Amino acid sequence: MSCDFLLRANSGVRTLQPYEPGKPESELARELGLQRIIKLASNENPLGPSLSVLQTIEDHASRIHRYPDGNGFQLKAALAEIYDIDAGQITLGNGSNDILQLLASAFLSPGDEVIFSQHAFAVYAIVTQAAGATAKVIPATDYQADLDAHLAAISDDTKLIFLANPNNPTGSWIWAEELKAFIRAVPEHVLVVIDEAYAEYILDDKMASAISWLAEFPNLVVTRTFSKAYGLAGLRVGYGVCSLQVADLLNRVRQPFNVNSLAQAAALAALEDQDYLIESVQLNTQGMAQIEAKLKQLDLNWIPSKANFLCIAVNQPGRDLYQKLLRQGVIVRPIDTYELPNHIRVSIGTEEENEEFLIALEKELVTN
Ligand SMILES: *Cc1c(COP(=O)(O)O)cnc(C)c1O
């Protein structure tokens, strides 16, 4: 059979490596026949969904024969009020990944350049390559994005800069003052996308959400998600905020019903359940301290993190340790594909989950 048509797929797509997600619990259960599995691999909220969100989903389930509100009126109105912006500046996405994809669809063509850091979130590279654009990956210094080097790399062909704050998988962050100076220094022909997927976990006054600077920078886009601190990863809902003009462009390439009705209702309920959010952030702070204390005792290094995960230097191939931990029923994330071959990334879980992870980790380190 002639497969000439395969060679005619978009050139970026032909060489694209697909995103490697965290291993689902059900898959490991099937493979190893394990009963108890601890998944700390996808930076999900370990509390489970908020009860008011569950109730809201039940209440809305009887209406799933109807299309969702394609304009997400209520959810956008609630977000607009929170941030004191125009609802037209908000684009809802099927997860914030969708917004990253929309940005690429709206702005990128072959020949365009996109700048992001080494160790940056994998989706930036994927949407860039899929659009046929060229990635300029800026070497990190000490696992941190080198902002001066980002600026120096900008050319006439640069269309987008992707920058996560904090970044996944490193957990590293950028102080407000430094970030604002950076955005100010980026020429106006370049869109700066600040990915704030973990913003809710930040408790430090020296940090700021770039959303508060939108009025100042027409070329700024900020992405947020309900997948992490709000505990809605399975529903797929996130959003981007930017100028009305950029939002208008994103809206043109957006699928008409990209965010389903249960996700919209649940996100609205999640915004209202501040107690759940506070509890989630507290649990994260405690869990981070719990894990760090044990890592110190085990004499392991880690990258300081302001998110809900830690990137741990394990002094051996992280993928090997990942496999060994799987056999103990603990799922973490190998991050060799992020050029971190001797680290693993572990999401902060409940106290009990963290404890089980640490016991499994110590066991592997002692027996090897
Ligand atoms: C998890 C994550 C996202 C969000 O993904 P969703 O599509 O909203 O689930 C975006 N950016 C980073 C850096 C992330 O880690």
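The values are calculated or read from the model by the stated rules, or taken from the named source; none is laboratory data. Since the model is a prediction, treat every value here as computed from it, not as a measurement. All Cβ positions, even for glycine, are placed from backbone atoms using ideal geometry, and neighbour counts span all protein chains on display. For accessibility, only protein heavy atoms count, side chains too; no ligands or nucleic acids. Shrake-Rupley method; radii C 1.70, N 1.55, O 1.52, S 1.80 Å.
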Determine the equivalent ellipsoid of segment 214-293 by diagonalising the alpha-carbon gyration tensor, then write out the semi-axes as square roots of 5 times the eigenvalues, largest first, rounded to whole Å. 29, 18, 11
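What is the Cα radius of gyration of the chain over 2.2 N^0.38 Å, N being its residue count?
Relative to the 2.2 N^0.38 Å estimate, the chain comes out at 1.00.
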Segment 196-232-segment 235-286 distance, computed between alpha-carbon centres (Å): 12 Å
Qualifying trypsin sites (Lys or Arg not before Pro) in segment 160-255, DSSP loop, other Cβ atoms within 10 Å at most 11: LYS206
Filter the chymotrypsin sites (Phe, Trp or Tyr not before Pro) in segment 205-297 down to the DSSP loop ones having no more than 15 other Cβ atoms within 10 Å, then list what survives. PHE257
How many Å² of accessible area per residue for the chain, probe 1.4 Å? 47 Å²
Report the charge-dipole magnitude of the chain in Debye, nearest 20, computed about the Cα centre from +1 at each Lys and Arg Cβ and -1 at each Asp and Glu Cβ. 980 debye
Below 12 angstrom from the Cβ of GLU31, what's the summed charge of the other residues (Lys, Arg +1; Asp, Glu -1)? +1
Order these peptides, 343-349, 66-72, by their mean beta-carbon neighbour count within 10 angstrom, highest first. 343-349, 66-72
For ASP4, what accessible area in Å² do you get when you roll a 1.4 Å probe over the heavy atoms of the protein chains, rounding to the nearest 10? 100 Å²
Choice from LEU108, LEU34, LEU283 showing the highest fluctuation, given a GNM over the chain with Cα pairs closer than 10 Å: LEU34
Which of LEU100, GLY349, PHE309 sits closest to the plus end of the dipole of the chain, meaning its Cα is farthest towards the positive end, when Lys and Arg get +1 and Asp and Glu get -1 on the C-beta? LEU100
Could you name the lysines in cross-link range of LYS228, using Cα to Cα under 23 Å and dropping any fewer than eight places away on the same chain? LYS23, LYS39, LYS76, LYS206, LYS306
If you add up the charges near THR223, with Lys and Arg at +1 and Asp and Glu at -1, over every other residue whose beta carbon is less than 13 angstrom from its beta carbon, what do you get? -1
What's the center-to-center distance, using Cα atoms, between segment 118-133 and segment 316-367 in Å? 26 Å
Report the net charge of residues surrounding GLU200, where surrounding means a beta-carbon distance below 9 angstrom and charges are Lys +1, Arg +1, Asp -1, Glu -1. +1
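In debye to the nearest 20, how big a dipole does segment 240-315 give about its Cα centre with +1 on each Lys and Arg Cβ and -1 on each Asp and Glu Cβ? The partial results should precede the final answer.
On the way: 5 positive and 7 negative charges, 67 e Å.
For this selection, approximately 320 debye.
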Tell me, what % of the accessible area of the chain is carbon and sulfur with a 1.4 angstrom probe? 50 percent
